[in-house]
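Asker: Okay, handing you the structure first.
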Amino acid sequence: MIGHHPYHLHKLQFTEISEIYTSETIKTFAYSLIGIFLPIYLLQNGVSLQSLFILFILINVFRFFLELPVGHLIARFGAKHVMAISYPLSFLYIALLAVYPSYPTPLYIIAALWAIADSLHWVAYQSLFSKAKSKGKSGRQIGLMGILSISIGALVPLLGGYIAAKFGLQAVFMIAPILLLIAMVPLFQSMETVRSKRLNFSGLVPTVRRDMVAHAALSFDVVAGMVLWPLFIFMAVQDYFKLGLLVSLSFIPSLIAFWFAGRISDTMSKKRTLAVGAGGLFVVNAFRAAVTGYWSAFGVHALGVIVGPLLSIPLYSIFYSHADRTRRIEYTVVLEMAADASRALTFALLLGISLIASQQNVLRAGFVMAAIAILATNVVQLKLRHKRPGLRSVPAAGGIR
């Protein structure tokens, strides 16, 4: 079905692993244009902070209930098929966001489309990458994925900030959907062989519950870094270009960090590397809550991109190793469900706090929650007690051409 191929930058061949790299890099380019500006864009177009939190609660609640059906779709039709479907849906919800100032769509509709697109993409991506990576080199390949994403998107936030400052944020949101459709193309470069199978979750959750806790804990930091942090900085500087510049200036330390973390993750103790990364992100989130100016924000952001890979690379390397040893699709589904529940809980807590505190103090509370939660990533287990059981499967023809 899927071979284990090393990836060579000097000789790109469209194996499944290189297709993933290429598609994800283009997708990252698209999302880098709008990612840090998304919460700001919504707030500036009449969405209150409470409504923003409700939007993200809905997205993650919808995702929680979608993960299982998506797992069955992957088992029946293949991960590449399902991943390819996610891109037109992403195009649709971002297009609705682009026209939101003139034609506001109810947020629950945007949340539903967003949830469907993300669930289709991430369950398929995690299943496909864990399968296609080279055995014994997962840390380096996860690091390479990070390096490619950072390289192609290094100047993109700066570009997005320039476009937003000159033409308005709406212009940025009109460009990103087109790039998402282009990201589909690499997935059609090779055939996907599909063996339809029945999913079996029996006994899985007790076996992987520590992995679920670690993945859920990481999601608190994702909320802090992707939603709260851009909002917090923008409230301080009130400048799109400066916000984009802050992210782009972190390019060099990000590259070095991903390269270094990818190398040591395959050669040193993953548990020790992970602990250093978790401790580092604890400090970063604590510092985020104390930031008062632009350059202090830059220093904290630079520290975050340096220590972040020390946690994410060994952690995902462990996850992918465990996916090899158990029921891959089912394992991916339960981890994603744990993350969905964690993010929904985070935004629900922030929603409650927003009723009694100022906007900046709400964001600071989010950083404190992320700092505490990130330490729980240390509970991840290095080895599962049970290897993958045999699963009944029936052959089914499949191709993505």
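The numbers here are math on the coordinates, done by the rules we state, and not lab data. Owing to the predicted nature of the structure, the values given are computational and were not obtained by experimental measurement. Here the Cβ is made from the backbone with ideal geometry for all residues, glycine too, and neighbour counts use every protein chain on show.
Asker: What's the exposure ranking of I182, I374, going from fewest to most Cβ atoms within 10 Å?
Answerer: I182, I374
Asker: Right, another one. Please report, in cubic angstrom per residue, the volume enclosed by the convex hull of the alpha-carbon atoms of the range 52-106.
Answerer: In the range 52-106, the Cα convex hull volume per residue is 81 Å³.
Asker: If the chain between K166 and W295 were fully stretched, how many nm would it gain, using 0.36 nm times the residue separation less the Cα-Cα distance?
Answerer: 44.1 nm
Asker: Still on this structure: Order of 200-209, 26-35, 109-118 by packing, highest average Cβ count within 10 Å first?
Answerer: Order by mean packing, descending: 26-35, 109-118, 200-209.
Asker: Residue by residue through the range 56-73, what is 3J(HN,Hα) from phi via Karplus (6.51 cos²θ - 1.76 cosθ + 1.60, θ = phi - 60°)? Round to whole Hz and write x for glycine and proline.
Answerer: 6, 5, 4, 4, 6, 5, 4, 4, 4, 7, 8, 4, 5, x, 5, x, 5, 5
Asker: How large is ³J(HN,Hα) for each residue in the range 346-353, as worked out from phi by the Karplus curve 6.51 cos²θ - 1.76 cosθ + 1.60 (θ = phi - 60°), to whole Hz, x for Gly and Pro?
Answerer: Whole-Hz 3J(HN,Hα) from phi for the range 346-353: 4, 5, 5, 5, 5, 4, x, 5.
Asker: So, one more: Test of understanding: ordering R63, R325 by Cβ neighbours within 10 Å, fewest first, what list do you get?
Answerer: In increasing order of surrounding Cβ atoms, one gets R325, R63.
Asker: Could you tell me which of the pairs K80/K242; K27/K166; K197/K383 are separated by over 30 angstrom between their Cα atoms in the structure shown?
Answerer: Those over the limit are K80/K242.
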